[in-house]
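*Asks:* Please find one structure pasted underneath; my questions will follow.
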Amino acid sequence: DQQVKQNSPSLSVQEGRISILNCDYTNSMFDYFLWYKKYPAEGPTFLISISSIKDKNEDGRFTVFLNKSAKHLSLHIVPSQPGDSAVYFCAARPFNAGNNRKLIWGLGTSLAVNP
Amino acid sequence: KAGVTQTPRYLIKTRGQQVTLSCSPISGHRSVSWYQQTPGQGLQFLFEYFSETQRNKGNFPGRFSGRQFSNSRSEMNVSTLELGDSALYLCASSPAGTANTEAFFGQGTRLTVV
């Protein structure tokens, strides 16, 4: 049973427009949410994170929004660039994980940014 | 600063064999986690090692094991390979400390079991 769900396996966006990637979770016992980006033949790379005590975190073109009541978070990329084309993974860290690095991952959304 | 290095990059094994994968974390990182990635299941947490001790374990059978050495390098071993073990195995390293949730991944080892 997926505790972290990315219901859209793929997304296609025009260059310069906004990309919105969504993630839902079923368990309230997460204290950190992270987004990773993965290019083919490479490991995932960290993009941005948000603590459960916040509802927004921004880093350049990337903004993550957290709606705890809806158990939903989203990653906004504005403006989208062709180099953003990759698979994006949403991951969540359980409360009381402490130094524990166990993350629960979504299945990923493949983003294609068209020139 | 060198990134996380995983060897080998590709591996083909037959059912019933065993395999050992290696991971060298970023210098100074003491936490090493292993993940299995398959198209249908996404990234699944295998286990995490910190200071040579397994700190947490995912829901995988005992055929999957690992260890960490004093220099933080880690190995994972899969015995009695099954076709379903074919996957990309990713290693991630992190510095110590609860505040840092970011993990740095290697390129992975693509294991194919035939």
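The values are calculated or read from the model by the stated rules, or taken from the named source; none is laboratory data. Keep in mind that this is a model prediction, so the values were computed, not measured. All Cβ positions, even for glycine, are placed from backbone atoms using ideal geometry, and neighbour counts span all protein chains on display. Note: accessible area is taken over every heavy atom of the protein model, side chains too, but ligands, DNA and RNA are not part of it. Shrake-Rupley method; radii C 1.70, N 1.55, O 1.52, S 1.80 Å.
*Asks:* Taking only the alpha carbons of chain A, what extent do you get along each of the three principal axes, in Å, biggest first?
*Replies:* Dimensions of chain A along the principal axes of its Cα atoms: 43, 29, 24 Å.
*Asks:* Mind giving me the nanometre distance, one decimal, between the label points for A:Lys68 and A:Lys56, set 7 Å out from Cα along Cα→Cβ?
*Replies:* It is 1.7 nm.
*Asks:* For chain A, what is the accessible area per residue in Å², given a 1.4 Å probe and the full set of protein chains?
*Replies:* Value returned for chain A: 46 Å² of accessible area per residue.
*Asks:* To the nearest 10 square angstrom, how much accessible area does B:Arg30 have with a 1.4 angstrom probe?
*Replies:* That residue has around 110 Å² of solvent-accessible surface.
*Asks:* Normalised radius of gyration for the protein assembly as shown, please: alpha carbon Rg relative to 2.2 N^0.38 Å, two decimal places.
*Replies:* Taking the Cα Rg and dividing by 2.2 N^0.38 Å, one obtains 1.01.
*Asks:* Still on this structure: How compact is chain B by the rule of thumb for globular proteins, expressed as Cα Rg over 2.2 N^0.38 Å?
*Replies:* So chain B has a normalised radius of gyration of 1.00.
*Asks:* Compute for chains B and A the buried accessible surface, both sides summed, probe 1.4 Å, and express it in Å² to the nearest 100.
*Replies:* The summed interface area works out to 2000 Å².
*Asks:* Between B:Ser86 and B:Phe60, what is 0.36 nm times their sequence separation minus the Cα-Cα distance? Round to one decimal in nm.
*Replies:* 8.0 nm
*Asks:* Per residue, what accessible area does the range B:1-87 have, given a 1.4 Å probe and all protein chains present, in Å²?
*Replies:* 50 Å²
*Asks:* At 1.4 Å probe size, with no ligands or nucleic acids counted, give the accessible surface of A:Lys71 in Å², nearest ten.
*Replies:* Approximately 60 Å² of A:Lys71 is accessible to the 1.4 Å probe.
*Asks:* Whenever you get a sec, compute what percent of the accessible area on the protein assembly as shown sits on carbon and sulfur atoms (1.4 Å probe).
*Replies:* Carbon and sulfur: 49 percent of the exposed surface of the protein assembly as shown.
*Asks:* Could you give the size of the charge dipole of chain B about its Cα centre, using +1 on the Cβ of each K and R and -1 on the Cβ of each D and E, expressed in debye and rounded to the nearest 20?
*Replies:* In total the dipole reaches around 160 debye.
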